[in-house]
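Engineer: One structure, as structure tokens, below. Some questions next.
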Amino acid sequence: MADEAAIEETMLRLVSERGADKTCCPSEVARALGGPHPDGWGPLMQPVRRVAVRLTKQGRVQILRKGKPVADPDDFRGIYRLSLPRA
């Protein structure tokens, strides 16, 4: 299983590669680390979410729901996307 440092590095790389105004799915981060089979990447989804919340609080990534930044990264539900912070 990938550690938080590997998740952070992969997440920051993926959102940076997408660039401004583009997003990536958290499952893309998990798949990059755990491989294509759900048994590999599925268990990484919660750790990916924890890292996304931490990086959002640090202002390094942005969690989006329905195209808008979440108001509270500690309290959101459903499908979300990740992006670089918008200016």
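Engineer: Evaluate 2.2 N^0.38 Å with N set to the residue count of the range 38-87, then give the Cα radius of gyration divided by it.
Structural biologist: 1.14
Engineer: What dipole magnitude, in Debye to the nearest 20, does the chain give about its Cα centre under +1 on Lys/Arg Cβ and -1 on Asp/Glu Cβ? Write down the numbers at each step before the final one.
Structural biologist: Numbers: 15 positive and 11 negative charges, 88 e Å.
Charge dipole of the chain: 420 debye, to the nearest 20.
Engineer: May I ask you to derive the relative contact order of the chain, considering only C-alpha pairs under 8 Å and at least 6 residues apart, and to give it as an integer percent?
Structural biologist: This gives 33 percent for the chain.
Engineer: On to the next question. Using a probe of 1.4 angstrom, how much of the accessible area of the chain is carbon and sulfur, in percent?
Structural biologist: 52 percent
Engineer: Let a ≥ b ≥ c be the square roots of the eigenvalues of the Cα gyration tensor of the range 1-43; is it rounded (a/c under 1.5), or, if not, prolate (a/b larger than b/c) or oblate?
Structural biologist: Judged from the Cα gyration tensor, the range 1-43 comes out oblate (a/c at least 1.5, b/c at or above a/b).
Engineer: Could I ask something else about it? Could you give the accessible area per residue of the chain, probe 1.4 Å, as a whole number in Å²?
Structural biologist: 59 Å²
Engineer: Give the angle, between 0 and 90 degrees and rounded to the nearest 10, that separates the Cα long axis of helix 4-18 from the longest principal axis of the Cα atoms of the chain.
Structural biologist: 60 degrees
Engineer: Which one is right for this structure if volume of the Cα convex hull per residue in Å³ is calculated from it: (1) 164; (2) 87; (3) 96?
Structural biologist: (2)
The values are calculated or read from the model by the stated rules, or taken from the named source; none is laboratory data. Predicted model, so just to flag it, every value in this text is computed and none were measured. Here the Cβ is made from the backbone with ideal geometry for all residues, glycine too, and neighbour counts use every protein chain on show. Protein only, heavy atoms only, side chains kept; ligands, DNA and RNA dropped before computing areas. Shrake-Rupley method; radii C 1.70, N 1.55, O 1.52, S 1.80 Å.
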